[in-house]
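Visitor: My questions will all concern the structure given below.
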Amino acid sequence: MEIKSFFIYLIIMAGVTYLIRMLPFVIFKGKITNTFIKSFLYYIPYAVLGAMTFPAIIFSTGNYSSAVAGLIVACVLAFREKSLLTVAVFACIAALAVNIICLYI
Amino acid sequence: MEDFKNGLKNGIPIALGYLSVSFTFGLQAVNGGMNWWQAVLISLTNVTSAGQFAGLDIMTAGAGLWFEMACTQFIINIRYSLMSLSLSQKTDPSIRGIHRFLIAFGITDEIFAVAMGSPNDVSNKYMYGLICLPVLGWCSGTLLGAAAGQLLPEIIRSALNIAIYGMFIAIILPPARKNKAVMVVVIISVSLSCCFKWLPLLNSVSSGFVIIICAVIAAVAGAIFFPIKEEKNDGN
């Protein structure tokens, strides 16, 4: 990508993200009481992460079998409430193991 | 000074966590064709995980998607406005004027959570201490990931690409397991996202907008069918 485009993107990203954090912190004094807005804001992070993870995870390793192996390991460990780091590391190990096995089949 | 030290101390676990998440960001940025310094600059100026990964997708798709970038960042990061708002109710009088503009930069999910967990109202020194190490961890993790991306062999790099999704699953699954409403919202969002991937016509919508559309529909459905009751423990 051109350097100029990169900086335009960077300014948009950083600008929007900063304004979102800064404006309410600087301006508002009252509390949000609207149940709909509160609920919407509560659910948004989970909805975003869900849409970002699926189906993208299936294509993340360049090989369906290793991606599915990583996905299964991640789900099992996350279900058991292991830490973020543990889940991520073992998902990678599972994917790597399957990648290596595929090399020799 | 005591406040600053306390903040630093509380920031250590956050920084360690950030080191690993941003490592995958650096890695993915380099895999997507960026230089190491571009990856670090994005991390330094944004300090946000989901927003940066989504932004990276748009950047690597090519130039000109300015509006899409702005919308994506807005939707993904809109949750920070609620956190800023809550945190603004918990600041002592030392956080005023310019301090509000500076501290706002460092409000992330984890920093917010720790600050809100403090027994007293937080001071500006405490907040600066708390923000320091996580931002440092975020940037150095990005740098390490970018370096690793340029050094590691392909077979390991491709396996590491799944790390961030593993982490996302680790964030979503535990609350979804305990709270049916979160589970339903996630299922709606994931199903829509799959439709956008595989159904004709829908699959021509670009990735940034797909995330916005899926997330907004799912969260609106959640807000309509499972409104959060006042002061209810939501199992998070």
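The values are calculated or read from the model by the stated rules, or taken from the named source; none is laboratory data. Remember, predicted model here, so these are calculated numbers, not experimental data. With ideal geometry, Cβ positions are generated from the backbone for all residues, glycine too; neighbour counts draw on all protein chains shown.
Visitor: Can you tell me how many residues within the range B:30-51 are at pLDDT 95 or above, more than 7 Å from chain A (Cβ to nearest Cβ) and crowded, with 22+ Cβ neighbours inside 10 Å?
Guide: Number satisfying all stated conditions: 4.
Visitor: Can I ask one more? Filter the range A:9-29 for residues that are more than 19 Å from residue B:115 (Cα to Cα) and either surrounded by 15 or more Cβ atoms within 10 Å (Cβ to Cβ) or modelled with pLDDT under 95 (or both) and give the result. Talk me through it step by step, then tell me what you get.
Guide: Restricting attention to the range A:9-29, the residues satisfying the condition of being more than 19 Å from residue B:115 (Cα to Cα) are A:9-17, A:19, A:27.
Across the range A:9-29, the qualifying residues are A:9, A:10, A:12, A:13, A:14, A:16, A:17, A:19, A:27.
Visitor: Within the range B:184-197, track down each residue that is surrounded by 16 or more Cβ atoms within 10 Å (Cβ to Cβ), over 11 Å from residue B:226 (Cα atoms) and either more than 8 Å from chain A (Cβ to nearest Cβ) or in contact (Cβ under 8 Å) with a residue 40 or more places away in the chain (or both).
Guide: B:196
Visitor: For the range B:103-179, which helices (runs of 4 or more DSSP H) that fit wholly inside it have 1 or more residues that are in contact with a His (Cβ under 8 Å, 6 or more places away or on another chain)?
Guide: B:124-151
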